[in-house]
Amino acid sequence: MILIMLGPPGAGKGTQATRLTERRGLVQLSTGDMLRAAVREGSDISRQAKAIMDRGELVPNDIVVSIIAARIDEPDCAGGFILDGFPRNVPQAEALDAMLARKRRALDVVILLEVDEEKLLERIETRAKETGGARADDNAETLRRRIEVYRKETAPLLPFYEKQGKLRRLDGMQDIDAVTAAIDEVLDAIESGER
Ligand code: AMP
């Protein structure tokens, strides 16, 4: 099973992806986590990436595409994976389709967590408090920028995946367990072959 978790910042993509790894034995591939790890390790890409991430903008496509291409070649991804935070624009989605086609694999489904964007700021503020400000990009100004970037760059993925017949829209405003149950239902239907 190869799936994408899609939705604006704070929609709960990471939370739900983590739950899926526990329940379904899928690997979670979060480009945000990978980039933050690279920043901590002080690798070459980190110098460019950190400033961009702190502003809430997108790191260049070639960087994230090569990170994902290398990662999905690793043996633990053979059984399937969840993309969390990737792709974030149409060129990244096209690059993903091409890399999967080369491996004779295909995307199963794209799960969109729809949320009330007014509520996102509240969620991010809560996260900033809970994590003690662990993420430099969890603040109101950066969040506004991240939502703008989502609308402009990432939202075009909705018609892109709708055309492929792969988009499933779920209500991300329900409580966490209800969202997990809705995702389970979608994945169970796919696994049993009834699309
Ligand atoms: P996230 O943890 O998914 O919210 O990502 C945090 C930040 O990492 C984003 O605001 C971007 O600056 C960067 N980032 C994560 N994934 C991508 C991606 N697929 N393309 C470009 N930048 C990304």
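No lab work stands behind these numbers, since they all come straight from the coordinates. Computed from a prediction, not measured in an experiment: that's the story for all the values here. A quick note on method: Cβ atoms are made from the backbone with ideal geometry, for glycine too, and the neighbour counts reach across all protein chains shown.
Across the chain, Cα-Cα distances exceeding 32 Å account for 10% of all pairs.
What the Cβ-Cβ distance of residue 126 and residue 102 gives, at R0 = 30 Å and to the nearest 0.05, is a FRET efficiency of 0.15. Among 60, 181, 25, which residue has its Cα positioned farthest towards the positive end of the charge dipole of the chain, with +1 placed on the Cβ of Lys and Arg, -1 on the Cβ of Asp and Glu, and the dipole taken about the Cα centre? My answer, from the dipole projection, is 60. Note on residue 55/residue 192: beta-carbon distance plugged into 1/(1 + (r/R0)^6) with R0 of 45 Å gives a FRET efficiency of 0.55.
For residue 50, a cut-off of 25 angstrom between C-alpha atoms picks up these lysines, skipping any fewer than 8 places away in its own chain: 13, 129, 152.
Run the dipole for the range 93-195 about the Cα centre, Lys and Arg Cβ at +1, Asp and Glu Cβ at -1, nothing else charged, and hand back the magnitude in debye, nearest 20. Before the final figure, lay out each step's value.
Working: 19 positive and 24 negative charges, 141 e Å.
Dipole size: approximately 680 debye.
For the range 52-195, what's the relative contact order in percent, using C-alpha pairs closer than 8 Å and at least 6 residues apart? Can you show the working numbers first?
Numbers: 106 pairs, mean separation 46.0, N = 144.
Here the relative contact order equals 32 percent.
Computed on the range 1-86, with alpha-carbon pairs under 8 angstrom and 6+ residues apart, the relative contact order is 52 percent. Given +1 at the Cβ of Lys and Arg, -1 at the Cβ of Asp and Glu and no other charges, the dipole of the chain around its Cα centre is 500 debye to the nearest 20. Given R₀ = 25 Å, FRET efficiency for residue 77-residue 117 by Cβ-Cβ distance, to 0.05? After rounding to 0.05, the efficiency reads 0.20.
Dipole of the chain computed with +1 at Lys/Arg Cβ and -1 at Asp/Glu Cβ about the Cα centre; of 154, 113, 51, farthest Cα towards the positive end is 51.
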